[in-house]
1. Kindly indicate the residue of region 94-140 that is within 15 Å of residue 76 (Cα to Cα) and of a type in the set (A, V, I, L, M, F, W, C) and also surrounded by the fewest Cβ atoms within 10 Å (Cβ to Cβ) among those meeting that condition.
2. Could you check, for region 68-85, whether at least one of its residues is outside any strand (DSSP E or B), aromatic (Phe, Trp, Tyr) and in contact with a strand residue (DSSP E or B) (Cβ under 8 Å, 6 or more places away or on another chain)?
3. Pairs, please: C-beta under 9 Å, at least 6 apart or cross-chain, first residue more than 13 Å from residue 87 (Cα to Cα) and in region 43-58, second among the aromatic types (Phe, Trp, Tyr) and assigned to a strand (DSSP E or B)?
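Read-outs: derived from the displayed coordinates by stated rules, not from any lab. Note that the structure is a prediction, hence the values are computed from the model and not measured. Cβ placement follows ideal geometry from the backbone for every residue including glycine, while neighbour counts extend to all protein chains displayed.
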Amino acid sequence: MSKTTIPTGGITDATIATGDIAADAVTNTIIADSLVQGIAAVWIKQDFNAPATDDSLNVSGTTDNALGDFTVTINTDMGNANYAITGMASRNANSLNYHVVMIHDSADPAAGSYRLRCSDVSGNDKDAQHVSTAVHGDLA
């Protein structure tokens with residue numbers, strides 16, 4: 001099979017015959033699309049105590065709203081608010097309480113931000129030392 005160079009102006013339906021398409025071209029495209037879908041569009045590792053961002057991807061900033069209450073602002077917005085957020089939080093070194101992180105009950109995620117609540121297992125708001133979240137979904 002010969003290789004075809006795509007002209008500067010693009011290609012038309014008549015330019016490439018079905019027989020010229022490699023047998024695995026569609027399969028490779030599907031695999032590539034699946035890999036892109038599985039990569040986190042946003043992630044952040046932060047210290048609610050400081051407050052400081054240790055490292056992040058596609059985050060333009062965070063807002064410390066109150067004790068255990070942070071908003072993460074996404075740099076390049078998600079395509080909509082129907083994305084998945086996963087997260088974890090760990091206790092401070094000098095604390096016997098374990099912490100959990102969740103989507104804040106007063107604010108649904110938006111395309112450009114999501115609000116987190118961190119608390120101990122008794123439901124008391126806490127600023128955990130190690131908080132990590134990741135977002136999976138389509139970028140705008």
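1. Let us first name the residues in region 94-140 that are within 15 Å of residue 76 (Cα to Cα), namely 109-114, 134-140.
Checking the rest, the ones that are also of a type in the set (A, V, I, L, M, F, W, C) come to 110-111, 134-135, 139-140.
Working: 110: 15, 111: 16, 134: 17, 135: 23, 139: 15, 140: 11.
Selected residue: 140.
2. Residues of region 68-85 outside any strand (DSSP E or B): 68, 75-77, 79-83.
After this cut, where a residue has to be aromatic (Phe, Trp, Tyr) as well, the list is 83.
This time we only want the ones that are in contact with a strand residue (DSSP E or B) (Cβ under 8 Å, 6 or more places away or on another chain), so: 83.
Within region 68-85, one or more residues are outside any strand (DSSP E or B), aromatic (Phe, Trp, Tyr) and in contact with a strand residue (DSSP E or B) (Cβ under 8 Å, 6 or more places away or on another chain).
3. 48/70; 51/70; 55/43; 56/43; 57/43; 58/43
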